[in-house]
Amino acid sequence: MQDRNTTPAGNLVDAENGIVSREIFVDRDIFAREQEQIFARAWLMIGHESLIPEPDDYFVSRMGTDSVILTRNKQGEIFVFLNSCMHRGMKLCRYDQGSAPVFTCPYHGWSYSTDRKRVDRPGALVGVPRYQECYEGVLDRSEWGLVRCPKVVNYKGTIWASWDPDAPSLEDYLGDMRLYLDAALDHRDGREGGSIVLGTVQKWRVKCNWKFAPENFIGDLYHDISHRSADLSGIGPSGGKGRRDAQRPRLAIGFTDLGHGVLGDLPHTAEPELLPTHQDDPELVAYHQQMHDDRSRNLGNRKRVTMSVGTIFPNMSFHARQPRTIAVAHPISATEMEMWRYYLIDADAPPKVKDAAMRYYLRYSGPAGMTESDDMENWTYASEATAGHISRRHHYNYQLSLGQERPVEGLRGAVESGSYSEGNARIFYRRWGQFMDAAGWADMTPEAATPERVDAD
Ligand code: FES
Ligand SMILES: [Fe+2]
């Protein structure tokens with residue numbers, strides 16, 4: 001394998017043998033190419049409907065290196081626009097979130113509306129200072145509306161967007177990985193959806209390439225050793241040993257054609273026994289027991305999973321149970337990313353349950369969370385020690401449990417490779433290579449994939 005940052009990506013990623021060039025974590029040209037090939041095409045999770053509950057609410061998010069505005073108009077429709085004024089590029093919304101009946105640029109005062117009663121095309125330019133005096137007959141306002149993202153989907157409260165009009169449906173993009181995502185988004189009593197973001201979104205910068213985060217959450221149980229101090233402290237909901245309450249064994253399950261993966265349990269059709277939680281508080285114990293019983297009844301013999309931590313390609317990761325959160329790794333530069341944590345809770349959970357969850361989430365996650373700070377330390381130092389002149393000539397190793405992939409019954413295109421495995425990382429980087437090389441989606445279908453790929457059958 002060559003170690004220069006030339007295309008095709010096959011020169012950088014040898015997923016079959018578990019070898020990846022360090023250049024993809026530090027090189028500026030590769031980072032720029034990722035923006036075009038991955039972030040301008042893939043489905044990206046950009047927000048949650050509970051962050052814009054009322055008409056005219058907005059939430060500023062990111063898609064790759066671009067700032068975008070997620071907003072709800074007076075009619076309740078949700079849109080995503082580039083957060084850049086069409087006159088001279090000013091950042092239209094500079095607050096993280098808020099409410100605005102009209103988006104007015106602070107620079108020269110152009111304004112844009114989403115109100116269907118006022119405009120045919122949401123995001124249209126409706127106000128131009130000194131229009132009659134200086135622009136009449138010159139500026140065609142209908143051509144200078146905000147850039148609108150063509151594909152936006154609300155999936156159980158989470159908002160997903162893609163810049164590519166030819167992108168497959170979100171449903172096809174997720175495939176059977178949906179079962180695991182649902183375990184994070186659905187109500188604890190088994191009903192569909194129902195989760196909201198608790199508080200707001202925590203954001204912080206980490207001096208490492210964005211891929212460190214999704215690679216970690218896709219199934220790196222092997223790095224557990226670095227959380228030893230958090231484990232010894234005992235930060236789980238019940239305060240016992242470990243970072244969580246007791247959990248069932250989990251397997252690395254990856255979706256070979258899609259690039260997604262989880263460390264989770266296999267699908268089952270009966271509700272497994274409730275694992276004890278919040279044992280120090282009878283009220284919370286009773287609540288969780290009630291949710292468990294309702295869930296067993298509501299789901300009946302339908303397929304379900306419970307525990308998982310996983311990644312949806314490229315940069316969205318989630319914990320489905322403890323803690324119950326979403327983590328998005330936004331690319332900033334080749335060696336810097338911005339982590340966003342959304343903390344999820346059922347909208348109708350009692351205040352005491354929400355409060356207990358919040359305390360646990362913050363012990364675990366975020367810049368001051370005991371577990372997350374371990375991860376940040378690993379990623380930052382790994383990044384720094386990778387970027388050196390000599391260092392970057394070498395490769396990373398992903399050979400843990402190489403060749404141990406076995407098909408998973410009941411999940412399309414899925415393989416499992418045991419608990420301690422880098423099989424999911426290999427799947428992630430193979431998908432990364434496909435995106436980097438492909439001219440379009442047709443080149444990334446299972447039929448177009450190279451014959452030596454790991455196959456489920
Ligand atoms: S940059 Fe927005 S009005 Fe000039
Ligand atoms: Fe970790």
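Any read-out appearing in this document is the output of simple, stated calculations on the displayed coordinates, not a laboratory observation. Computed from a predicted structure; not experimentally measured. Virtual Cβ from ideal backbone geometry, glycine too; neighbours counted across all protein chains shown.
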Task: Inter-label distance for residue 355 and residue 99, nm, one decimal - labels placed 7 Å from Cα along Cα-to-Cβ - done: 2.7 nm
Task: Local electrostatic count, residue 402, Cβ distance below 10 Å [Lys/Arg +1, Asp/Glu -1] - done: -2
TODO: May I ask for the net charge around residue 106, where only other residues with Cβ less than 14 Å from the Cβ of residue 106 are counted and Lys, Arg are +1 while Asp, Glu are -1?
DONE: +3
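In terms of the Cα gyration tensor, with a ≥ b ≥ c the square roots of its eigenvalues, is the stretch 175-448 rounded because a/c is under 1.5, prolate because a/b exceeds b/c, or oblate? Write down the numbers at each step before the final one.
Working: a/c = 1.82, a/b = 1.31, b/c = 1.39.
Taking the square roots of the gyration eigenvalues as a ≥ b ≥ c, the stretch 175-448 is oblate.
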Task: Value of [θ]222 nm, deg cm²/dmol, for the chain, DSSP H segments ≥ 4, -39500 (n - 2.57) each, nearest 500 - done: -6500 deg cm²/dmol
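So which of 117/203; 207/352; 151/211; 156/207; 151/352; 74/156 end up more than 28 Å apart by C-alpha? Write out the running numbers ahead of the final one.
On the way: 117/203 36 Å; 207/352 36 Å; 151/211 24 Å; 156/207 32 Å; 151/352 38 Å; 74/156 21 Å.
Too far apart for the 28 Å limit: 117/203; 207/352; 156/207; 151/352.
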Task: Lone cysteines, the chain (no partner Cβ under 4.7 Å) - done: 93, 134, 149, 208
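Got the relative contact order for the stretch 196-318 handy, in percent, Cα pairs under 8 Å and 6 or more residues apart?
Details: 162 pairs, mean separation 36.8, N = 123.
Here the relative contact order equals 30 percent.
Would you please give the FRET efficiency between residue 283 and residue 28, computed as 1/(1 + (r/R0)^6) with r the Cβ-Cβ distance and R0 = 56 Å, to the nearest 0.05? If you can, show how the numbers build up before the last one.
Values: r = 54 Å, r/R0 = 0.96.
Result of the calculation: an efficiency of 0.55.
Once fully extended, how much extra length lies between residue 169 and residue 412, figured as 0.36 nm per residue of separation less the alpha-carbon to alpha-carbon distance? Display every interim value, and only then the final one.
Numbers: separation 243, 0.36 × 243 = 87.48 nm, distance 1.66 nm.
Length gained, residue 169 through residue 412: 85.8 nm.
Per-residue counts of other Cβ atoms within 10 Å, averaged by peptide: what ranking do you get for 347-359, 169-181, 302-314, highest first? Present the calculation step by step, with values, prior to reporting the outcome.
Values: 347-359: 14.8, 169-181: 18.6, 302-314: 22.4.
Result, highest mean Cβ count within 10 Å first: 302-314, 169-181, 347-359.
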Task: Residue list for the stretch 360-389, given a label point 7 angstrom along the Cα-to-Cβ vector of residue 225 and an amide N cut-off under 20 Å - done: 371-386
Task: Charge sum, other residues only, whose C-beta stays under 14 Å from residue 163's C-beta, Lys/Arg counted +1 and Asp/Glu -1 - done: -1
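Using packing as a proxy for protection, rank 9-19, 60-70 so that the peptide with the highest average count of other Cβ atoms within 10 Å comes first. Don't skip to the answer; put the middle values down first.
Working: 9-19: 19.5, 60-70: 21.3.
Per-residue mean Cβ counts within 10 Å order the peptides as 60-70, 9-19.
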TODO: Find which of 212, 288, 442 sits farthest along the positive direction of the dipole of the stretch 175-448, computed with +1 on the beta-carbon of Lys and Arg, -1 on that of Asp and Glu, about the Cα centre.
DONE: 212
Task: Where labels lie 7 Å past Cα in the beta-carbon direction, separation of residue 368 and residue 270 in nm - done: 4.6 nm
Task: Principal axis dimensions, largest first and in whole angstrom, of the stretch 45-151 by Cα - done: 43, 31, 23
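Using +1 on the beta carbon of Lys and Arg, -1 on that of Asp and Glu, and nothing else charged, what's the dipole of the chain about the Cα centre, debye to 20? Could the numbers behind the result be given before it?
Numbers: 53 positive and 64 negative charges, 186 e Å.
Charge dipole of the chain: 900 debye, to the nearest 20.
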Task: Amide H contacts under 5 Å for residue 345, placed H, 5+ residues apart - done: 196, 198
